[in-house]
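Written out below as structure tokens is the structure these notes cover.
The values are calculated or read from the model by the stated rules, or taken from the named source; none is laboratory data. Remember, it's a predicted structure, so these values are computed and weren't measured experimentally. Cβ: placed from backbone, ideal geometry, glycine included. Neighbour counts: every protein chain shown. SASA here: full protein model, heavy atoms, side chains in, ligands and nucleic acids out. Shrake-Rupley method; radii C 1.70, N 1.55, O 1.52, S 1.80 Å.
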Amino acid sequence: MTGTSFYIGDWLVDPDLNTVARAKHREQIEPQLMRLLEVLAENPGRPVSRNRILEEVWAGLSVGDESLSQAVSKLRRILKDDPENPVYIETIRKKGYRLSAEVRAASPQDGQNRQRFLVLLGMTLFLTVAVVIWSKLEISPGGNQNVSLLTAIPITGQLGREQDPAISPNRQYVVYSKEMNDSNSQLFLHGLGSGTQDRQLTVRGDNGSAAFLPDNNTIVFLRHNTGLCSIIQMTLVDAAERVVGGCEGNSFMDLTVSPDGRWLAFGGRDSPTSPHAIILFDHETGRQRKVTAPPENIWGDYDPHFMDDGKTLVFARSISEGMQDIYHLNISTGQVARLTHEGRNIMGLSHLNEQVIFASNRAGSYSIWQIGTDGKQLTRLPIADDRLFNPSISPDGQSLVAEQIEQIVSLEKITMSANSRSERLITHIGTLLHPNISSASGRITFSSNSLGFYEIWDSDSTGGDKRRLTNFASGFTAHPKFSPDGQFIAFDARPEGLSRIYLMNNDGGNLRVVSALGLNAYAPSWSEDGSTLFFSQESEHGLSLFACEIERNPCRELDLHDVYYARVSSGEDAYFIRPNHDGLWRAQLDGTDDPELIIPQIGFADWGNWILSDKQIIYLDRTTSTLMSYDIETAEARTIKQVDLTLPGVDPALAISKGLDFFLLVNRVALESNLKIVDLRGTPTVVSD
């Protein structure tokens, strides 16, 4: 069937043009996706094994099942196919995939329509270019009316994640990292406009955050390998590399270079329990020093970026999950100024002239924004595409490269029996976080950004009857917890920058603020009888545990400090996670004893992936991919279940039923990103927000 147009259901598939069309909708797809569609169409109604698909679609390439799963997920999105009730592509357990829809050859009339489409396509492209040119001429002097949207053009298109782009000073190359099958990332070099295949630069370790030196032929980057972090310098001509320094304590792959190449900066920390700070590295002497001092009870500073003068840099400061703002640092004086005050996610910094360029979800979906170094003129760049991260702008300000991310997650139900398989309840494009199960009704609540902003949702026990319960349309709304009787849901939200604890009825009604105004508060939990709500809140001691009796006011501070998330037993023992600390700790609620580390295997990334149930603690051990049970009386741990799913990076993903007969896990089905380039020439400095 190769090269011949055909129908799959009501979709017209044209392999020569790599297009699929239905009614007035036509979409161009990647060649590998087209070949996958052809392989399935050559076997209509019959299962095609995963091995056969891999051999025919990715012949000669070393790819695994994840690449195939991502390709199928992407095809389903294009064909508007529901994975839970598929009409076109059906998953056949332990066998592969089957094309369920009818396959038939296209008629000659369809060929004539195709010719007309090519003519119309040419005319449309001509008219589009003419309109874009005309609209650029029509931009008003004030820059706030008649602004044309810029188009982001793909420069990579392989399946998988291509990320952290950096454009060379002469705009001839882009270096980026690509996640490989072993989960490590390797660096690749893309020649802009060259038409040649991208060249792989590294083969070992986990590499990222590459940046060009001024000569256009040398890059520096970070390599994490067997627990060590190194700063590597490489010449592109021969890929020769040498270690120029260490970067111990770096977690974020966030290296930046000053315009003259003398200074490097990255995020690092002195110990596993301290917040990240910005580290300045002298490229000539190899000396390094810490140049920011974030408060002890926050996550820290990361993603530095030098401005044109090389004497100042900007960086993101993270207060907590989903709460970042941009800061400006004068390196000589150490003076730090805050530029934004909204507490939104910041995903990558760059600059254009005197404007700081950054990716943020401040308007819902991630897009590219700009703000002056004086904290004024916060506006959105007029780029048509969204879901853009990690922007890199050429020194002459003419080109911007960013990564565009698509993610699919699912909520899986798994029974505790030894040989049970997961049952998919919800498939979600975007992000689904923090599931929780009502002990009374069995309904499920979670945080989702399916409509742009993160909001609290719920569903029935099967994943159906989904309802949006909040409508903040701003910031990060997360960590929902049902009360034991199922009547209320507590959660934290950041609609105005600060994180507050909210309480609402289980249908979203009677919304009210519980925590103190003007102070950040996080991660609520309930007492076993549902009479008291616990959460961490800022105090003179840092982050302290607070208690709110639902029928009384105000909330009171407990004598237990350095707490990020806690659950309290009926015996008045508090089990808690400490800010920037690994491990689960225990202490008396009245603060009469020192905190005791009881489960060191729980990393801070899994701060919410555990529950307190009677006399045991059930938790996820990410290092062994197992669900574990810790007996509080005997201090012994045992394995409950092996977990064969891909967990999110840091967000709570675990919920367990009251009877402990099943649990829910968020599973990352696919995470894909490709690089796109935007021509910024003629872009107004200030555009309409």
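R0 = 22 Å: FRET efficiency of GLU633 with SER271, Cβ-based, nearest 0.05?
On the way: r = 33 Å, r/R0 = 1.48.
Rounded to the nearest 0.05, the efficiency is 0.10.
Restricting attention to region 585-676, which trypsin sites (Lys or Arg not before Pro) occupy a DSSP loop and are surrounded by at most 12 other Cβ atoms within 10 Å?
Values: sites: ARG586, LYS615, ARG622, ARG638, LYS641, LYS658, ARG668, LYS676; in loops: LYS615, ARG622, LYS658.
For trypsin sites (Lys or Arg not before Pro) across region 585-676 that sit outside H, G, I, E and B with at most 12 neighbouring Cβ atoms in 10 Å, the list reads LYS615, LYS658.
What spacing in nm lies between the two simple spin-label points modelled at LEU192 and THR285, each 7 Å away from Cα in the Cβ direction?
For the pair LEU192/THR285, the computed spacing is 3.5 nm.
Contact order normalised by length for region 487-559, with contacts defined as Cα pairs under 8 Å and 6 or more residues apart; what percent is it? Provide the component values of the computation, followed by the final result.
Working: 147 pairs, mean separation 14.6, N = 73.
In percent, rounded to a whole number, it is 20.
By how many nm would the segment from GLN487 to VAL203 grow when fully extended, if each residue of separation counts as 0.36 nm and the alpha-carbon distance is taken off? If you can, show how the numbers build up before the last one.
Working: separation 284, 0.36 × 284 = 102.24 nm, distance 5.47 nm.
Between GLN487 and VAL203, full extension yields 96.8 nm more.
What base-10 log of the normalised intensity I(q)/I(0) is obtained for the chain from the Debye formula, alpha carbons as equal point scatterers, at q = 0.11 Å⁻¹?
Values returned for q = 0.11 Å⁻¹ are -1.30.
Would you calculate the convex hull of the Cα atoms in region 545-689 and tell me its volume per residue in Å³?
Values: hull volume 31.6 nm³, N = 145.
Spread over its residues, the Cα hull of region 545-689 gives 218 Å³ apiece.
Pop out the carbon and sulfur fraction of the accessible area of region 425-541 as a percent, whole number, probe 1.4 Å. Intermediate results must be reported in sequence, preceding the final value.
Values: 1880 of 4050 Å².
Carbon and sulfur atoms account for 46 percent of the accessible area of region 425-541.
For every helix of n ≥ 4 consecutive DSSP H residues, a contribution of -39,500 (n - 2.57) applies; sum these over the chain, divide by its total residues, and give [θ] at 222 nm rounded to the nearest 500 deg cm²/dmol. Can you show the working numbers first?
Working: 4 runs with 63 residues, N = 689.
The helix contribution divided over the chain gives -3000 deg cm²/dmol.
Mind giving me the FRET efficiency for ILE598 and ALA106? R0 is 45 Å, r the Cβ-Cβ distance, nearest 0.05 is fine. Don't jump to the answer; show the numbers that get you there.
Details: r = 66 Å, r/R0 = 1.46.
Here the calculated transfer efficiency is 0.10.
Tell me, rounded to the nearest percent, the portion of alpha carbon pairs in region 1-44 spaced more than 12 Å apart.
On the way: 516 of 946 pairs.
Result: 55 percent of Cα pairs exceed 12 Å.
Using alpha carbon coordinates only, what is the Rg to Rh ratio of region 466-521, with Rh defined as the Kirkwood radius? It would help to have the intermediate numbers written out before the result.
Values: Rg = 10.9 Å, Rh = 11.5 Å.
Rg/Rh for region 466-521 comes to 0.95.
Among the chymotrypsin sites (Phe, Trp or Tyr not before Pro) in region 536-631, which ones are in a DSSP loop with at most 11 other Cβ atoms within 10 Å of the Cβ? Mind listing them?
Details: sites: PHE546, TYR564, TYR565, TYR575, PHE576, TRP585, PHE604, TRP607, TRP610, TYR619, TYR630; in loops: TYR564, TRP607.
Hits after loop and neighbour filter: nothing returned.
Based on the Kirkwood radius over alpha-carbon pairs, what is the Stokes-Einstein translational diffusion coefficient of region 511-626 at 20 °C with 1.002 mPa s viscosity, in µm²/s? It would help to have the intermediate numbers written out before the result.
Numbers: Rh = 14.6 Å.
Using the Kirkwood radius from Cα pairs, D works out to 147 µm²/s.
With labels modelled as points extended 7 Å from the Cα through the Cβ direction, what inter-label distance (nm, one decimal) is found for ASP215 paired with ASP374?
4.0
Please report, in debye to the nearest 20, how large the charge dipole of the chain is about its Cα centre when each Lys and Arg carries +1 at its beta carbon and each Asp and Glu carries -1 there.
On the way: 63 positive and 86 negative charges, 407 e Å.
I would put it at about 1960 debye.
In sequence order, what are the phi-derived ³J(HN,Hα) couplings for region 301-311 according to the Karplus relation 6.51 cos²θ - 1.76 cosθ + 1.60 with θ = phi - 60°, rounded to whole Hz, with x for glycine and proline?
9, 7, 6, x, 8, 6, 8, 4, 6, x, 9
Rolling a 1.4 Å sphere over the protein heavy atoms, what is the accessible area per residue of the chain, to the nearest Å²? Display every interim value, and only then the final one.
Details: 29890 Å² over 689 residues.
For the chain, the solvent-accessible area averages 43 Å² per residue.
Test of understanding: what is the full-extension gain from ALA473 to GLU296, defined as 0.36 nm times their sequence separation minus their Cα-Cα distance? Don't skip to the end; give the middle numbers.
Numbers: separation 177, 0.36 × 177 = 63.72 nm, distance 3.05 nm.
Between ALA473 and GLU296, full extension yields an extra 60.7 nm.
For q = 0.16, 0.20, 0.27 Å⁻¹, what log10 I(q)/I(0) does region 172-240 give under the Debye formula with an equal point scatterer on each alpha carbon and no solvent?
The calculated log intensity ratios at q = 0.16, 0.20, 0.27 Å⁻¹ are -0.52, -0.80, -1.31.
Taking the mean number of other Cβ atoms within 10 Å as a proxy for protection, how do you rank 330-341, 150-161, 91-102 from highest to lowest? Write down the numbers at each step before the final one.
Values: 330-341: 13.6, 150-161: 17.5, 91-102: 15.6.
The densest-packed peptide leads the list: 150-161, 91-102, 330-341.
Normalised by the number of residues in region 582-682, what is the relative contact order in percent for Cα pairs under 8 Å and 6+ residues apart? Kindly include the intermediate steps, with their values, before the conclusion.
Numbers: 142 pairs, mean separation 17.0, N = 101.
With pairs under 8 Å counted, the relative contact order is 17 percent.
Normalised by the number of residues in the chain, what is the relative contact order in percent for Cα pairs under 8 Å and 6+ residues apart? Before the final figure, lay out the partial values.
On the way: 1703 pairs, mean separation 67.9, N = 689.
Once divided by the residue count of the chain, the mean separation gives 10 percent.
Evaluate E = 1/(1 + (r/R0)^6) for SER531 and LEU660, where r is the Cβ-Cβ distance and R0 equals 25 Å; express this FRET efficiency to the nearest 0.05.
Working: r = 23 Å, r/R0 = 0.93.
Approximately 0.60, to the nearest 0.05.
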